[in-house]
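Chemist: Shown below is the structure under consideration.
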Amino acid sequence: MSGGMSRQVADIIVETLQSAGVEHCYGVVGDTLNLIARSLERSKIEWVSVRHEEAGAFAAQAEAQLTGHLTAVAGSCGPGSLHFINGIFEANRNRAPVILIASQIIRDELGFDFIQEVDFKQIYQSCSVFCDMIHTPEQARRKTVIACQTALSKRGVAVLIVPADVSASTVADDIPYAVHVSQPIVRPSESDLDEIAGILNSSGNLAIYGGAGCQGAHQEILAVAERLKAPIAHTSRGKDFLEFDNPYNIGMTGMLGNEAAYHALLDCDTLLLLGADFAWRQFYPDRARIVQVDIDPTHIGRRHPVTKGVVGDVKATLEALLPKLVERTDASFRDQYLRRYAKARQSEKTKAVAGRDGCIPGTYLTEAINRHAAKDAVFSADDGTPAAWLVRYIETNGQRRTFASLLHGTMAGGMPSAIGLQKSQPGRQVICLAGDGGLSMLFGDLMTVVQEQLPIKIAVYDNGKLGFVEIEQKAEGMLDTFTRLKNPNFGDVARALGLWGQTVSKADDLEAGVKGWLAQPGPALLHVHVSPLQLVMPPFMAAAPAVGMALYSARAVLHGRGGDVWEMVRENFL
């Protein structure tokens, strides 16, 4: 709208956010943010008060990932907006469209080291796709539009720095800039497709490896796999899109993967890499030809040298490629790895049972949650063992979704991510697999769960330590160092905060405990004492970790802790 009527900048910013599709804004209100808060209150955007801004950023990025919509966070000057940083890194790495409204001290005091002055531009530039300040009231709509448009089209974080005096200013002639985001179809040229077809048609044993970029391309990938008689492995972030209804699925490779996918990728002659930016070089084949398709040009060949790399949407590219591929008859390579995968799955299932002496392995807890969770449940997990068990034991079916900090690897993301998932999908079952270390790091936001009346279900995997860190230390031959945690009874703590809370310590009580917890109408926390000695076993044992484990065992025995070693062996190998 233009013309003579004056508008306050705070209103202009909020109106632009609303028109860009923002439904929720997470944050903590305060001084320099007050006018924007008042505008938000008058708008259709719902404000969600969190107890720690970092939790707000985790919630926003999870909502943005699940819905694809722009989601906002907003903070006061200095420490307020600075607290978002870890969740903002998480959002940007996950290509989640999030906008941070970082309110700032008044322009007149900038550059004089005023109280709470922080140079947000310098700080946030490395974890955003847009980062700039509104310098004058007249810039407000235009800059907010560019911020929203950049976050949505480049898929990442936009940081908009708003000095308090700018928020309070008025604009007489407000030029009607608006957000425009389109979804173009991107695919390689005919000559590139011909070249790819030439490589695939002349290859021996073929395998497909798909990542998060395979979302929405399930049918096309299966058609190509069927024609090429190729098994399909997937990354942890590709699980939701490739695991279900897939007769050619051989699961994951990598440290959390299984031996079928691991060996198929290393043994193939040609690897078709689809929308995957998997980072660990040692899991790629050394001698095979690699054809890579990715929507991001910077991903091509950055993890491992490739024979042919093209920029394109996986769905559109495979649709155009399929007619050029020659039908294969020999399926022996694929079938060999499908059999191997079936065996690996069977062996995994045998580990997901009650432990000796009635203890509860984390795998058994996850398997029970998997069986009793809703068909379309959404899961979030803390980094470490809960994330490992999530990707291994929670079965997706085309309706379920799984989220963990798989690219940033941060603690504490599980429960606040569940807040954002539940906010954006009020009718859906949201389950959080929390670590004892991760949950306690942002403990205060259990109060947000209660305040917002969010019926999320939190399972606490309490092994009394930073379990994944301890496994890493053992693999280096170290005795556990600084990993022990003295935990409260999380069930009691939950009840004190106003959630339903219960503690389970014996395997015999687990089944009933999980069912009762998931049946609760409101927020509920199930505190489970899980076996502290269960290891996350990789699909192969390299020499270094094997030597490390042997060294650890020797050191533990010398330090009078032979009992721990025997327990670990019984738990994982017998």
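Chemist: Show me 158-168, 440-450 ranked by packing, highest mean number of other Cβ atoms within 10 Å first.
Modeler: The peptides rank, most packed first, as 158-168, 440-450.
Chemist: Would you list which lysines come within 20 Å of K351, measuring only between C-alpha atoms, while excluding same-chain residues fewer than 8 positions from it?
Modeler: Straight-line reach from K351, under 20 Å: K343, K506.
Chemist: Could you rank F379, F112 by how accessible they are, 1.4 Å probe, largest area first?
Modeler: Sorted by accessible area, descending: F112, F379.
Chemist: Students often check this: by mean Cβ neighbours within 10 Å, which of 273-283, 325-335, 73-83 ranks highest, and how do the rest follow?
Modeler: The densest-packed peptide leads the list: 73-83, 273-283, 325-335.
Chemist: Take the solvent-accessible surface of the protein heavy atoms, probe 1.4 Å, and return the percent of it on the stretch 229-268 that carbon and sulfur atoms account for.
Modeler: The nonpolar share, carbon plus sulfur, comes to 51 percent.
Chemist: State the antiparallel share, in %, of DSSP beta bridges confined to the chain, rounding to the nearest 5.
Modeler: The antiparallel fraction comes to roughly 5 percent.
Chemist: From zero outward in steps of 10 Å, how is the percent of C-alpha pairs of the stretch 38-147 spread across the bins?
Modeler: The distribution over the stretch 38-147 is 13, 45, 36, 6, 0, given as percents.
Chemist: Lysines within cross-link reach of K121: Cα-Cα under 30 Å, excluding same-chain residues under 8 positions apart?
Modeler: K44, K143, K154, K423
Chemist: Of the peptides 182-189, 395-402, 381-388, how do they stack up when ordered by the mean number of other Cβ atoms within 10 Å, highest first?
Modeler: Order by mean packing, descending: 381-388, 395-402, 182-189.
Chemist: Would you kindly state how much longer the chain becomes between I185 and K506 on full extension, computed as 0.36 nm times their sequence separation minus their alpha carbon distance, in nm to one decimal?
Modeler: Separation in residues times 0.36 nm, less the Cα-Cα distance, equals 110.2 nm.
Chemist: Along the Cα→Cβ direction, 7 angstrom out, place labels at K343 and V450. What is the inter-label distance in nm?
Modeler: 5.3 nm
Chemist: Only helical DSSP H runs with n ≥ 4 go in: add -39500 (n - 2.57) per run for the chain, normalise by residue count and round the 222 nm mean residue ellipticity to 500 deg cm²/dmol.
Modeler: That comes out to -12000 deg cm²/dmol.
Chemist: Counting only heavy atoms of protein chains, what accessible area per residue, in Å², does the chain have with a probe of 1.4 Å?
Modeler: Value returned for the chain: 40 Å² of accessible area per residue.
Chemist: Pull out the extension gain between A178 and R495, defined as 0.36 nm times the separation in residues minus the alpha carbon to alpha carbon distance; nm, one decimal.
Modeler: Stretched fully, the A178-R495 segment lengthens by 109.4 nm.
Chemist: Please list, in order along the stretch 242-247, the HN-Hα scalar couplings obtained from phi with the Karplus expression 6.51 cos²θ - 1.76 cosθ + 1.60 (θ = phi - 60°), rounded to whole Hz, x for Gly and Pro.
Modeler: For the stretch 242-247, the Karplus curve yields 10, 6, 7, 6, 10, x Hz.
Chemist: Right, next: Between the stretch 42-85 and the stretch 135-178, what is the separation of their alpha carbon centroids in Å?
Modeler: The distance from the Cα centre of the stretch 42-85 to that of the stretch 135-178 comes to 17 Å.
Chemist: Starting from the residue with the highest accessible area, list R356, R340 in decreasing order, probe 1.4 Å.
Modeler: Largest accessible area first, the residues go R356, R340.
Chemist: How high is the relative contact order of the chain? Use alpha-carbon pairs under 8 Å, at least six apart in sequence, and give a whole percent.
Modeler: Across the chain, relative contact order equals 12 percent.
Chemist: Ordering D296, D357 by how much accessible area each has at a 1.4 Å probe, largest first, what is the list?
Modeler: These residues rank, largest area first, as D357, D296.
Chemist: So I have (i) 1.00; (ii) 0.96; (iii) 1.14, and one of them is Rg/Rh (Cα atoms, Kirkwood Rh) calculated from this model. Which one is it?
Modeler: Among (i) 1.00; (ii) 0.96; (iii) 1.14, the one calculated here is (i).
The values are calculated or read from the model by the stated rules, or taken from the named source; none is laboratory data. Source: prediction; values computed, not measured. Every residue, glycine as well, gets a Cβ built from its backbone with ideal geometry; the counts of neighbours run over all protein chains shown. All accessible areas refer to the heavy atoms of the entire protein, side chains included, with ligands and DNA or RNA removed. Shrake-Rupley method; radii C 1.70, N 1.55, O 1.52, S 1.80 Å.
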